[in-house]
Amino acid sequence: MEQAVDRFIDYLHNVKNTSANTEQSYRRDLKKVIIFLRSKGLTDLVDVNAAVLKEYIDSLNEQHFATATVSRNIASIKAFFHFLKEEGIIQKDVSDGLKAPKIEKKMPEILTTEEVVKLLEQPSGDSPKEVRDKAMLELLYATGIRVTELITLRISEVNIPMSFIVCRDAHKERVIPFGMAAKNALIKYMTEAREQMVADKSSDVLFANCSGSPMSRQGFWKLIKYYAKKAGITADITPHTLRHSFAAHLVENGADLRSVQEMLGHSDISTTQIYANMNHNRIREVYAKAHPRG
């Protein structure tokens, strides 16, 4: 069974070009499935049937795993057994009948424009660290990029004169504009602070931590928590909160969903649609409060 999982992971890596995190997630899920199957006396995948797979999913529910976790496990099982069928290892895909539980989409936490302004105003000093922090926060809100994209951004991917950045992954690249506030913060950082922050002068990485090494996700997470507290923001915000706020504020001010989808790098516009739904909900709330017959 383990060999079949290895073949499946190789297929994901070499044919589907999946990320290491995705592959680790599939392997982890399927390892648990195999342990369960062995506990039922099953040692060959051809002997697995739909009933035992359903029993495994029921066991996850009985252990009170989150709906999202159960849904992910079902997706892993279905992808694996579909692969086994395509490869001729099994004659019938016995995972066909598994249904993922409905996951209720939560509205993402966003900041008001006033809270964003307060947050961005916090690093106001002229020390290299505060100049860097200002540039990072301004750029994150100006572009809506992911924190990993922010901390791995390279100088060669930033066009300050034309006010845009280029974000690349294994499959595509996207060009994202930024405004004057982010541009000014970047110019100040590049001219006054970066040389003092980066230990390796030949490095092309844009942002460095106080030790001169590339900034980590945890380091930026602590940074944004610190400034949120300093700004008096009580919401439990994360770096992703600024990404959500960027998208919600664009939609609220009339941006079309396709453009927002492109800037965020969403492969499916239904993911971006949630920001339009948030805007509709806000409009309904305003109407209900303001209209005399609301």
Item to complete: State to the nearest 20 debye the size of the charge dipole of the range 55-209 about its Cα centre, where the only charges are +1 on K and R beta carbons and -1 on D and E beta carbons.
Response: 280
Fill in: Full-stretch length increase - Thr67, Asp44 - with 0.36 nm per residue and alpha-carbon distance subtracted
5.4 nm
Response to the item:
The distance between the Cα centres of the range 24-47 and the range 59-119, in whole Å, is 18
Worksheet entry | Accessible surface of the range 122-213, 1.4 Å probe, proportion on carbon and sulfur as whole % | 53
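Leaving ligands, DNA and RNA out of it, rank Arg258, Arg38 by accessible area with a 1.4 Å probe, largest first. Walk me through the numbers before you get to the answer.
On the way: Arg258 150, Arg38 100 Å².
Sorted descending by solvent-accessible area, the residues read Arg258, Arg38.
Using the Cα centre of the chain as the reference point, and only Cβ charges (+1 on K/R, -1 on D/E), how large is the resulting charge dipole? Debye, rounded to the nearest 20. Walk me through the numbers on the way to the answer.
Values: 41 positive and 37 negative charges, 111 e Å.
With Lys and Arg at +1 and Asp and Glu at -1, about 540 debye.
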Worksheet, complete the sentence: Among Pro239, Ile89, Asn159, the residue whose Cα sits farthest towards the positive end of the charge dipole of the chain, when +1 is placed on the Cβ of each Lys and Arg and -1 on the Cβ of each Asp and Glu, is Pro239
Item to complete: May I ask which of Lys183/Lys222; Lys188/Lys222; Lys16/Lys92; Lys129/Lys188; Lys134/Lys188; Lys78/Lys102 have a Cα-Cα span longer than 18 Å here?
Response: Lys183/Lys222; Lys188/Lys222; Lys16/Lys92
Worksheet, complete the sentence: For Cys167, Cys210, the accessible-area ranking with a 1.4 Å probe, largest leading, is Cys210, Cys167
Item to complete: Convert each backbone phi in the range 33-40 into a coupling constant with the Karplus relation 6.51 cos²θ - 1.76 cosθ + 1.60 (shift: θ = phi - 60°), then list the ³J(HN,Hα) values in order as whole Hz, x for Gly and Pro.
Response: 4, 5, 4, 5, 4, 5, 5, 9
Discussion item. Helix 128-143 against the longest principal axis of the chain: what's the angle in degrees, Cα atoms only, rounded to the nearest 10?
Written reply: 60
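Work out the length of the dipole vector of the range 26-102 about its Cα centre, built from +1 on the beta-carbon of each Lys and Arg and -1 on the beta-carbon of each Asp and Glu, and round it to the nearest 20 debye. Please report the intermediate quantities before stating the final value.
Values: 13 positive and 10 negative charges, 59 e Å.
Using Cβ point charges on Lys, Arg, Asp and Glu, the range 26-102 gives about 280 debye.
For Glu262, Glu23, Glu252, write out the residues from largest to smallest accessible area, computed with a 1.4 angstrom probe and no ligands counted.
Working: Glu262 105, Glu23 25, Glu252 80 Å².
Result of the area sort, largest leading: Glu262, Glu252, Glu23.
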Response to the item:
Taking Cα atoms, the helix 269-290 axis meets the longest principal axis of the chain at an angle in degrees (rounded to 10) of 60
Discussion item. If I ignore ligands, DNA and RNA and count only protein heavy atoms, how much of Lys54 is accessible to a 1.4 Å probe, in Å² to the nearest 10?
Written reply: 110
Practice prompt. For Tyr11, tell me the accessible area in Å² from a 1.4 Å probe, rounded to the nearest 10.
Written response: 70
Worksheet, complete the sentence: So, with points 7 Å from each Cα along the Cβ direction, the Thr22-His266 label distance in nm works out to 1.9
Worksheet item: For Lys230, which aspartates and glutamates qualify as cross-link partners when the Cα separation must be under 18 Å and same-chain residues fewer than eight apart are set aside?
Response: Glu114, Glu115, Glu121, Asp126, Glu130, Asp133, Glu138
Worksheet entry | Farthest toward positive dipole pole in the range 147-219 [+1 Lys/Arg, -1 Asp/Glu at C-beta], among Ala185, Phe207, Gly219 | Ala185
Practice prompt. Have a look at Tyr26, Pro101, Asn49 and report the one farthest towards the positive end of the charge dipole of the range 1-126, computed about the Cα centre with Cβ charges (Lys/Arg +1, Asp/Glu -1).
Written response: Asn49
Practice prompt. Report the calculated FRET efficiency for Lys188 and Asp236 (r = Cβ-Cβ distance, R0 = 30 Å), to the nearest 0.05.
Written response: 0.50
Worksheet item: Once the whole set of protein chains is in place, how much accessible area is left on Thr113, using a 1.4 Å probe, in Å² to the nearest 10?
Response: 70
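Taking a quarter of the surface of the Cα convex hull of the chain, what do you get in nm²? Provide the component values of the computation, followed by the final result.
On the way: hull surface 82.1 nm².
Orientation-averaged projected area of the Cα hull: 20.5 nm².
May I ask you to derive the FRET efficiency for Ser124 and Cys210 from their Cβ-Cβ distance with R0 = 30 Å, giving the value to the nearest 0.05?
On the way: r = 18 Å, r/R0 = 0.61.
After rounding, the FRET efficiency stands at 0.95.
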Fill in: Heavy-atom accessible area per residue - the range 1-153, 1.4 Å, Å²
56
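The values are calculated or read from the model by the stated rules, or taken from the named source; none is laboratory data. Bear in mind that the values here come from a model prediction, so they are computed numbers and not experimental data. Note: ideal-geometry Cβ built from the backbone for every residue, glycine included; neighbour counts use all protein chains shown. Only protein heavy atoms, including side chains, enter the accessible area calculation; ligands, DNA and RNA are left aside. Shrake-Rupley method; radii C 1.70, N 1.55, O 1.52, S 1.80 Å.
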